[in-house]
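Participant: One structure, as structure tokens, below. Some questions next.
The values are calculated or read from the model by the stated rules, or taken from the named source; none is laboratory data. On a predicted model such as this, the values are computed, not experimentally measured, just so you know. We place every Cβ from the backbone using ideal geometry, glycine too, and count neighbours over all the protein chains shown. When the accessible area is computed, the model is the full protein with side chains, heavy atoms only, and any ligands, DNA or RNA have been set aside. Shrake-Rupley method; radii C 1.70, N 1.55, O 1.52, S 1.80 Å.
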Amino acid sequence: MRRVDNSIHRSFDRLVAQGDAPMWVVTTLAGGVRAGCLVGFGAQVGIEPRRFLVCLSKNNYTYEVAERATHLAVHLLGEDGLALAQLFGAETGAEIDKFEHCEWRPGPHRLPILAAASAWLTGKILQRIDFGDHVGYLLSPTAAETPGDGPSLRFHSVANLPPGQPADPVETN
Ligand SMILES: Cc1cc2nc3c(=O)[nH]c(=O)nc-3n(C[C@H](O)[C@H](O)[C@H](O)COP(=O)(O)O)c2cc1C
């Protein structure tokens, strides 16, 4: 039985990798504290009204801050954005201040907007949905800009990046 489950996981993971999703950097601010991490789980989920969903791991520092936040910023990186992806995906805000290591400015809702982003949106958090090891944040867009128009950084470029926080489920008793 377990072998069947594992083989489904392997096929599922291959399928998702083949989809080669764009990678996002989600930033947020609550109580004067900034946080942000690399996110693969992000997508538009509504047309009228426009809605965007991003999912944060309960293990992440960004999740801790986002739980107290009212808004999130969601950035796309260009194909040259690997260093920024490394900063936000392989380091944790529990140990370093990522915003001391990149260029950013306060944007709508005072959210940190990354200077190197090729596109970004800000959104009001309408709903939090518990998916188990991740929480989905349903966003209503409040602003969006697309300063770059080249190809975006995608999963295949960061597939081997070691995440700054373990991806395993949070221990629950
Ligand atoms: C390819 C890749 C995809 C990732 N996707 C997500 C994701 O969808 N959601 C998430 O919360 N973390 C995701 N992570 C993990 C976080 O970006 C990473 O653990 C980060 O260091 C957490 O930083 P923080 O503790 O400052 O929040 C991903 C990491 C990588 C390398």
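Participant: Compute the distance from the alpha-carbon center of segment 15-47 to that of segment 64-128, in whole Å.
Facilitator: Rounded to whole Å, the Cα centres lie 9 Å apart.
Participant: Something else: Which of the peptides 56-69, 122-135 is most tightly packed, and how do the rest follow, judged by the mean count of other Cβ atoms within 10 Å per residue?
Facilitator: Working: 56-69: 20.8, 122-135: 14.6.
Per-residue Cβ counts within 10 Å, averaged per peptide and sorted highest first, yield 56-69, 122-135.
Participant: Let me ask something additional. I need the shape label for segment 31-85. Rule: rounded when a/c is under 1.5, else prolate if a/b > b/c, else oblate, with a, b, c from the alpha carbon gyration tensor.
Facilitator: Details: a/c = 1.83, a/b = 1.06, b/c = 1.73.
Cα axes put segment 31-85 in the oblate bin.
Participant: May I pose another question? Report the normalised scattering of segment 1-101 as log10 I(q)/I(0) at q = 0.12, 0.14, 0.16, 0.18 Å⁻¹, calculated by the Debye formula with identical scatterers on the alpha carbons.
Facilitator: Reported log10 I(q)/I(0), two decimals: -0.49, -0.65, -0.80, -0.94.
Participant: Lys and Arg at +1, Asp and Glu at -1: add these up for the other residues within a Cβ distance under 15 Å of Pro162 and post the number. Walk me through the numbers before you get to the answer.
Facilitator: On the way: positive: none; negative: Glu91, Glu95, Asp168.
Result for the local shell: -3.
Participant: I've got another one for you. Choose one answer from His109, His75, His101: the residue with the largest mean-square fluctuation in a GNM of the chain with alpha-carbon springs under 10 Å.
Facilitator: With Cα springs under 10 Å in the chain, the top fluctuation among His109, His75, His101 is at His101.
Participant: If you count only protein heavy atoms with a 1.4 Å probe, what accessible area per residue comes out for segment 1-110, rounded to a whole Å²? Walk me through the numbers before you get to the answer.
Facilitator: Details: 6410 Å² over 110 residues.
On a per-residue basis, segment 1-110 sits at 58 Å².
Participant: Decide, for segment 88-163, between rounded, prolate and oblate: order the square roots of the alpha carbon gyration tensor eigenvalues as a ≥ b ≥ c, take rounded if a/c falls under 1.5, and otherwise choose prolate if a/b is larger than b/c, else oblate. Don't jump to the answer; show the numbers that get you there.
Facilitator: Values: a/c = 1.26, a/b = 1.02, b/c = 1.24.
Since a/c stays below 1.5, the shape of segment 88-163 is classed as rounded.
Participant: Using only alpha carbon positions, build the gyration tensor of the chain, then give the equivalent ellipsoid semi-axes as the square roots of 5 times its eigenvalues, largest first, whole angstrom. Working shown, then result.
Facilitator: Working: eigenvalues 122, 69, 61 Å².
Taking √(5λ) for each eigenvalue gives 25, 19, 17 Å, largest first.
Participant: So for the chain, averaging the separation of alpha carbon pairs under 8 Å that are six or more residues apart and normalising by length, what relative contact order in percent results?
Facilitator: Numbers: 344 pairs, mean separation 45.9, N = 173.
In percent, rounded to a whole number, it is 27.
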